[in-house]
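Engineer: If you scroll down you'll find the structure; I have some questions about it.
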Amino acid sequence: MDTFGGFFKKLRIKQGLTLRHFCLENQLDASNISKLERDVLPPPKGGTLDRYALALGLKPGDDDFYTFHDLAATANRTMPSYLTEEEIEEKVPVFFRALRSDENKDELMKKIKGVIKKAWRP
Amino acid sequence: MASLDDINTPRLSNKAILKIADEALIQLNPNQTIPVPIDQAIEIVMGYVIIPCPDLQSISGCDAALAIKDKEIYIDEDIYMSEKYKRYKFTLAHELGHIILHEDIFLLLDSYDDDIDFHKKCPADALYWLEWQA
């Protein structure tokens with residue numbers, strides 16, 4: 001069974017649009033839409049939800065239109081996905097930027113980890 | 001099972017890298033579209049999740065970071081959404097290069113501690129090779 005975010009992403013991909021393209025075309029905030037698709041943020045309500053439905057090519061009367069709204073209503077009654085500290089620890093981002101000689105690797109990793117943690121928080 | 005101490009950075013020639021890149025392009029861009037739709041290849045063909053992160057670059061100095069086990073690429077949001085499409089394409093293509101060329105190495109890194117360890121143990125020239133090849 002799809003989550004709201006999973007269904008959102010499926011509809012976007014069905015249109016052949018990458019996240020970047022979809023957001024540029026519809027003037028949407030990419031990090032918010034990414035959080036929505038990963039179920040980190042709860043679905044919006046009212047006009048914003050309708051705007052997203054339109055952007056995803058849904059029309060009132062279509063099965064997908066009702067599924068989209070049903071999943072949004074269900075998601076708003078449940079807790080958004082929330083990764084534990086342990087789950088975030090397991091993400092292990094790899095980067096190979098050349099380090100400055102005075103730079104502390106542990107400190108740099110802590111900074112990257114902080115940014116990634118934010119990407120998994122509402 | 002291999003450990004961090006066994007990590008051996010490959011030294012690939014230009015010719016070898018070009019051959020690998022050509023083979024990857026055939027799989028990822030079968031219609032040979034120009035410019036190569038790199039984000040489509042990564043997100044839609046390979047199934048990676050691209051996660052735009054506000055301020056990643058300004059906070060860490062990194063344009064992007066790769067979490068290979070979760071098939072996620074964290075990318076600075078301004079770069080990802082930049083009108084200057086060459087920059088976001090280059091950033092994503094570089095991460096794709098790491099995925100194709102260095103997946104075996106990255107899969108050995110199990111935790112943040114491993115990652116830090118790797119950076120500490122890996123000689124500067126080996127890190128340079130990894131970057132240059134991607």
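The values are calculated or read from the model by the stated rules, or taken from the named source; none is laboratory data. Owing to the predicted nature of the structure, the values given are computational and were not obtained by experimental measurement. Note that each Cβ is placed from the backbone with ideal geometry, even for glycine, and that neighbours are counted across all protein chains shown.
Engineer: From the list A:A72, A:A119, which residue is modelled with pLDDT of 85 or more and either under 27 Å from B:L96 (Cβ atoms) or exposed (fewer than 12 other Cβ atoms within 10 Å of the Cβ) (or both)?
Structural biologist: On inspection, the qualifying residue turns out to be A:A119.
Engineer: Look at the range B:35-57 and say how many of its residues are in contact (Cβ under 8 Å) with a residue 12 or more places away in the chain and in a helix (DSSP H, G or I).
Structural biologist: Residues flagged as in contact (Cβ under 8 Å) with a residue 12 or more places away in the chain and in a helix (DSSP H, G or I) within the range B:35-57 amount to 7.
Engineer: Answer with yes or no whether B:L109 is facing another protein chain (nearest Cβ under 10 Å), touching a helix residue (DSSP H, G or I) at 6+ places or on another chain (Cβ under 6 Å), touching a residue at least 60 places away in the same chain (Cβ under 8 Å) and not polar (S, T, N, Q).
Structural biologist: yes
Engineer: Let me ask something else about it. Sort through B:D114, B:D125, B:D78 and tell me the only one that's outside any loop (DSSP other than H, G, I, E, B) and touching a residue at least 60 places away in the same chain (Cβ under 8 Å).
Structural biologist: None of the other options fit; the residue is B:D114.
One line per residue, one yes/no per condition, for (1) surrounded by 15 or more Cβ atoms within 10 Å (Cβ to Cβ); (2) within 10 Å of chain B (Cβ to nearest Cβ); (3) at pLDDT 90 or above:
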{"site": "A:G16", "(1), (2), (3)": "no, yes, yes"}
{"site": "A:R20", "(1), (2), (3)": "yes, yes, yes"}
{"site": "A:D29", "(1), (2), (3)": "no, yes, yes"}
{"site": "A:L41", "(1), (2), (3)": "yes, no, yes"}
{"site": "A:G46", "(1), (2), (3)": "no, no, no"}
{"site": "A:T67", "(1), (2), (3)": "yes, no, yes"}
{"site": "A:E87", "(1), (2), (3)": "no, yes, no"}
{"site": "A:D106", "(1), (2), (3)": "no, yes, no"}
{"site": "A:K110", "(1), (2), (3)": "no, yes, no"}
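Engineer: While we're on this one: So which residues in the range A:47-70 are assigned to a helix (DSSP H, G or I) and more than 26 Å from B:E77 (Cβ to Cβ), if there are any at all?
Structural biologist: If the condition is that a residue be assigned to a helix (DSSP H, G or I) and more than 26 Å from B:E77 (Cβ to Cβ), then A:D63, A:D64, A:F65, A:Y66, A:T67, A:H69, A:D70 are the ones that fit.
Engineer: Would you confirm whether or not the range B:90-97 contains a residue that is facing chain A (nearest Cβ under 8 Å) and not in a loop (DSSP other than H, G, I, E, B)?
Structural biologist: no
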